[in-house]
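Any read-out appearing in this document is the output of simple, stated calculations on the displayed coordinates, not a laboratory observation. Just so you know, these numbers come straight off a predicted model, no measurement behind them. Don't worry about glycine lacking a Cβ; one is built from the backbone with ideal geometry, like all the others, and counts go over all protein chains shown.
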Amino acid sequence: MTDERKPEDTENGSENSEYDTTSEESVEVANFSGTSVGSVKTEVEIKQGGCGNLEAQNVNISQGGAIVIQSAHMNSTQSGAGIIRSEETILQDSRVGIVIGDNATITSSQAGLLIANEVKSDSIKTGILLAGKVEGPVETYLDTPRTILAGLSAGVAVGLVLFVGQLLSKRNK
């Protein structure tokens, strides 16, 4: 479905907006306010709204959310997302399940899993952090060295259990 309406058609979260839908929309430029959209594949700005699957060059979300976001540039302010895959991600006072990308700039935000080449933050809380370079304070359960150590430890433990199990099965024969 191709739609060539102007962004002005959706100003200030009009509840009668033709974008108030959960079906798939494809537009050139879209500004959503107080709406919910199924899937978008262009430059997107969402204010107080949500989106299921979002693929765009540039994404700006303010007080909204999305389940899956793929973009070159992602900016999220006071928002939430399930999975973000972006070359450059900027999070401000936001909550995200998984962030994967090249560069991440984080301000007072939380992420369950953060994978990036470079991370800059003033305050970030994350469950697991895998990053090449980190600038700023990070509160994490597992950072890159601890993740490697945990993986090696788990591998050794599983190997020992299998080895002992094999020895015991040979004794019973």
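Here are a few things to note about the model shown:
- Whole-Hz ³J(HN,Hα) from phi, Karplus 6.51 cos²θ - 1.76 cosθ + 1.60, for the range 79-84, glycine and proline x: 9, x, 8, x, 10, 10
- Subtracting the Cα-Cα distance of Glu118 and Thr144 from their residue separation scaled by 0.36 nm leaves 8.1 nm.
- Phi-based couplings in Hz for the range 108-116 (Karplus 6.51, -1.76, 1.60; Gly and Pro marked x): 6, 10, 10, 9, x, 9, 10, 10, 7
- Compared with the alpha-carbon gap, the fully stretched path from Glu55 to Asn172 is longer by 36.3 nm at 0.36 nm per residue.
- Put simply, when 117-130, 94-107, 134-147 are sorted by average Cβ atoms within 10 angstrom per residue, most first, you get 94-107, 117-130, 134-147.
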